Amino acid sequence: MSQDTWSAVDRYVTDLLLGGDADIEQSLERSAAAGLPPIAVSAPQGRLLWMLARLARARRILEIGTLGGYSAIWLARALPPGGTLVTLELSEHHATVARDNLARAGVGDRAQVITGPAAESLAALQREGVEPFDLVFIDADKTGYPDYWRASLALSRPGTLIVADNVVREGQVTDASSSDEAVRAVRETLALAAAESRVRATVLQTVGAKGYDGLCLALVE
Ligand code: SAH
Ligand code: DHB
Ligand code: MG
């Protein structure tokens, strides 16, 4: 088993089940042209995010880590009329590209891109006492995950689904003595999830165009 095989299967699945989606494909092209790194979720993962949001009947979605708005488009598309996506991004440049992509995909009206360090934006949302979110997608800087986890819980209600990307890290997640800051942070986040009596969590390992990684799924009870 190799990266070539995983990429070929993602291409096959994308062509078969997800192809011909101009808004989605063009958002990636515009992000690449604007110099953004190619680290958005894959198309099959994007469809999964959309599906989870639909299954959760999410009306309010929070995303931490916007990049060029690729996953944001998938999530915003799952919203019912009147629904809202709030997505947090550090980089003004990334946010500008994302707003353009969201608008061109026809979901700009329901997506709010907030710039600044996510920890500060999350603290502001808590101070404002916003309504809880129905689904949270954590996908920004990995060292921030423990803080993002705590803030996500604070902005949740029973029934909220919290999804965190990139928690397996080519299997390094099992290395308790890792000196990699990202590995240490995802381990801390998963330990917080394990210790939290309000949630039931799992981790799904994934392979695909983005290599070997995995998603944490946590349901607030
Ligand atoms: N969810 C996106 C990918 C996000 S990549 C998708 O799948 O399409 C991670 C993003 O997090 C990058 O755009 C990066 O600029 C942003 N980021 C990094 N540190 C951050 C911080 N402290 N606060 C908010 N966003 C941050
Ligand atoms: C990186 C970030 C991601 O969210 C991801 O899914 C893959 C890679 C990165 O920062 O390299
Ligand atoms: Mg990611």
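Within segment 130-189, being charged (D, E, K, R), within 14 Å of ligand 1 (Cβ to nearest atom) and assigned to a helix (DSSP H, G or I) holds for 142, 147, 181. Would you confirm, using the coordinates I've provided, whether residue 77 is surrounded by fewer than 18 Cβ atoms within 10 Å (Cβ to Cβ), of a type in the set (Lys, Arg) and more than 26 Å from residue 3 (Cα to Cα)? In short, no. Name the helices (runs of 4 or more DSSP H) wholly inside segment 20-125 in which the number of residues that are within 16 Å of ligand 2 (Cβ to nearest atom) and in contact with a strand residue (DSSP E or B) (Cβ under 8 Å, 6 or more places away or on another chain) is 3 or more. Ranges flagged: 43-55, 70-77. For segment 159-171, the condition holds for no residue, the condition being that it is free of Cβ contacts under 8 Å to residues at least 24 places away in the same chain and within 16 Å of ligand 3 (Cβ to nearest atom). Considering (1) in contact (Cβ under 8 Å) with a residue 60 or more places away in the chain; (2) within 28 Å of residue 156 (Cβ to Cβ); (3) more than 13 Å from ligand 1 (Cβ to nearest atom), the lone condition that residue 71 does not fulfil carries the number (3). Sort out which residues of segment 96-126 are of a type in the set (A, V, I, L, M, F, W, C), more than 16 Å from the chain's Cα centre (by Cα) and either farther than 26 Å from residue 145 by Cβ or open to solvent by less than 20 Å² (accessible area, probe 1.4 Å) (or both), and write them in order of number. Across segment 96-126, the qualifying residues are 97, 103, 105, 107, 125.
I'd like to check something: does segment 164-173 contain any residue that is buried (at least 22 other Cβ atoms within 10 Å of the Cβ), more than 16 Å from ligand 2 (Cβ to nearest atom), under 19 Å from residue 121 (Cα atoms) and small (Gly, Ala, Ser)? No, segment 164-173 has no match at all. Within segment 203-221, take every residue that is open to solvent by less than 70 Å² (accessible area, probe 1.4 Å) and in contact with a Leu (Cβ under 8 Å, 6 or more places away or on another chain) and give me the one that is farthest from ligand 1 (Cβ to nearest atom). By that ranking, first place goes to 220. Of the listed requirements (1) within 16 Å of ligand 3 (Cβ to nearest atom); (2) surrounded by fewer than 22 Cβ atoms within 10 Å (Cβ to Cβ); (3) within 12 Å of residue 105 (Cβ to Cβ), residue 38 misses just one: (3).
The values are calculated or read from the model by the stated rules, or taken from the named source; none is laboratory data. Note that the structure is a prediction, hence the values are computed from the model and not measured. Positions of Cβ are backbone-derived with ideal geometry, glycine not excepted, and every protein chain shown enters the neighbour counts. Only protein heavy atoms, including side chains, enter the accessible area calculation; ligands, DNA and RNA are left aside. Shrake-Rupley method; radii C 1.70, N 1.55, O 1.52, S 1.80 Å.
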